[in-house]
Amino acid sequence: MVIGEFGCIEQWKGSVMSRVWSRDYAKWLAVFLAYPIAGFLGRLIANPADGFVFAFVTAAVAGAILGVAQWLALDRHVSPALWVGATAVGLGMSFVIVQALGATSNSAAPAIGAVTGLGVGVAQSLVRSDRMPPPAVWIPTMGVAWAIAWVMTTSIGVQASAGWPVVGVSGALVAQLLTGVVLLTMGRRRAQPLFA
């Protein structure tokens with residue numbers, strides 16, 4: 001009898017957890033809608049072809065917009081100024097590196113994604129919330145997910161040479177799907193941010 005009751009309790013607990021995970025995953029996945037807005041506004045404000053300062057501004061604006069969307073999806077478990085700022089600076093600096101390397105063609109899509117994903121991953125890991133995976137997991141996850149996302153984006157005809165600081169809708173969906181799986185499976189441990 002006790003085992004039966006325990007089984008019922010465990011089954012109820014599992015269904016609650018699956019609903020929470022589904023809601024959290026859906027919110028993280030919805031961030032893909034922010035990518036086209038971020039890219040458009042970043043390119044509207046500055047043209048990365050005009051120099052490294054403009055490349056930084058283009059990507060930092062896009063990073064700030066993505067940072068806000070991610071912060072909302074993370075249920076605000078981290079300081080908004082730190083998270084948004086880290087995402088903006090991480091994307092801005094890494095996009096300058098991409099421009100300096102001359103990785104601006106569709107054939108360089110994996111490099112664009114890997115460099116910018118790693119840059120954002122490192123910056124976010126410095127201010128991560130208790131819901132984020134450890135840096136040793138999050139940083140490579142971002143690099144791989146964004147590299148795949150850039151390949152997806154350029155494979156449907158988006159030109160990397162146009163200077164977009166982030167991927168398009170198709171790539172954004174891929175990036176959010178991949179990072180969301182890692183976030184939800186490994187991001188439940190309690191960890192303190194490096195800088196608070």
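Using the structure shown, decide if ALA145 is of a type in the set (Gly, Ala, Ser) and either modelled with pLDDT under 95 or within 20 Å of VAL61 (Cβ to Cβ) (or both). Please lay out each step first, then the result.
Numbers: of a type in the set (Gly, Ala, Ser): yes; either modelled with pLDDT under 95 or within 20 Å of VAL61 (Cβ to Cβ) (or both): no.
When the stated conditions are applied, ALA145 does not pass them.
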Check your understanding: Restricting the search to region 20-42, which residues are more than 18 Å from VAL120 (Cβ to Cβ) and not aliphatic (A, V, I, L, M)?
Key -> TRP21, SER22, ARG23, ASP24, TYR25, LYS27, PHE40
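What tally of residues in region 34-74 results from selecting those that are of a type in the set (Phe, Trp, Tyr) and within 12 Å of ALA88 (Cβ to Cβ)? Explain how you work it out, then say what you get.
Step one: of region 34-74, the residues of a type in the set (Phe, Trp, Tyr) are 35, 40, 52, 54, 56, 71.
Now restrict to residues that are within 12 Å of ALA88 (Cβ to Cβ): 56, 71.
Qualifying residue count for the region: 2.
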Practice item. Any chance you could count how many residues in region 115-152 are touching a Phe, Trp or Tyr at 6+ places or on another chain (Cβ under 7 Å) and more than 19 Å from LEU82 (Cβ to Cβ)? Key: 2
Practice item. Could you please find all residues in region 82-99 being of a type in the set (Gly, Ala, Ser) and either at pLDDT below 95 or in contact with a strand residue (DSSP E or B) (Cβ under 7 Å, 6 or more places away or on another chain) (or both)? Key: none
Review point. How many residues does region 161-181 contain that are within 16 Å of VAL144 (Cα to Cα), touching a residue at least 40 places away in the same chain (Cβ under 8 Å) and among the hydroxyl-bearing types (Ser, Thr, Tyr)?
Key: 1
Exercise for review: Can you confirm whether region 155-165 contains a residue that is of a type in the set (A, V, I, L, M, F, W, C), under 19 Å from PHE32 (Cβ atoms), modelled with pLDDT of 90 or more and within 14 Å of the chain's Cα centre (by Cα)?
Suggested key: no
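Can you confirm whether ASP24 is surrounded by 12 or more Cβ atoms within 10 Å (Cβ to Cβ), at pLDDT below 90, out of contact with any His (no Cβ under 7 Å at 6 or more places or on another chain) and not in a helix (DSSP H, G or I)? Talk me through it step by step, then tell me what you get.
Values: surrounded by 12 or more Cβ atoms within 10 Å (Cβ to Cβ): yes; at pLDDT below 90: yes; out of contact with any His (no Cβ under 7 Å at 6 or more places or on another chain): yes; not in a helix (DSSP H, G or I): no.
Judged against the criteria, ASP24 is not a match.
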Check your understanding: For region 42-154, which fully contained helices (runs of 4 or more DSSP H) count at least 2 residues that are β-branched (Val, Ile, Thr) and surrounded by fewer than 19 Cβ atoms within 10 Å (Cβ to Cβ)?
Key -> 52-73
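The values are calculated or read from the model by the stated rules, or taken from the named source; none is laboratory data. Remember, it's a predicted structure, so these values are computed and weren't measured experimentally. A quick note on method: Cβ atoms are made from the backbone with ideal geometry, for glycine too, and the neighbour counts reach across all protein chains shown.
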